[in-house]
Amino acid sequence: MTASEKFANMAGFYENMKTMMAAICVRKGGIPSESYVGRFFVADVLEMLINLGTSEPVLANSEQLKKYQEEFKTMKDLVTPSQKPIHEMTLEEFEKVMNI
């Protein structure tokens, strides 16, 4: 599978997920999407989609990727943070990760 095909598949998944999220919000009484607990997963998927697109020169300047990058600006604070490398952790952070 080429990078373009992977990107297209992931973009399709992301678009379907946004549709499902909107439907769930409506079924839950019309809650705003920014109140939906699944918005964090949606942000993580969008971040992965952008990373995939920017890693391939063929996709890096595509209009679709640019659209997703603009969309990501509004939700980048929702992504799951990456774990800090051990050498950058304080003793307290390390003990918490190691469950000490």
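The values are calculated or read from the model by the stated rules, or taken from the named source; none is laboratory data. Here the structure is a predicted model, which is why all the values come from computation and not from measurement. Quick reminder, even Gly has a Cβ in these numbers, built from the backbone with ideal geometry, and neighbours come from all protein chains shown.
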Filtered residue count, region 16-32, keeping only those that are over 15 Å from the mean Cα position of the chain (by Cα) and surrounded by 13 or more Cβ atoms within 10 Å (Cβ to Cβ): 3
Residue count for region 1-41, restricted to those that are hydroxyl-bearing (Ser, Thr, Tyr), in contact with a helix residue (DSSP H, G or I) (Cβ under 9 Å, 6 or more places away or on another chain), assigned to a helix (DSSP H, G or I) and modelled with pLDDT under 95: 2
Tally, over region 62-100, of residues that are at pLDDT below 85, at negative phi and surrounded by fewer than 13 Cβ atoms within 10 Å (Cβ to Cβ): 17
Flag for Val45 being of a type in the set (A, V, I, L, M), in contact with a helix residue (DSSP H, G or I) (Cβ under 6 Å, 6 or more places away or on another chain), modelled with pLDDT of 90 or more and surrounded by 14 or more Cβ atoms within 10 Å (Cβ to Cβ): yes
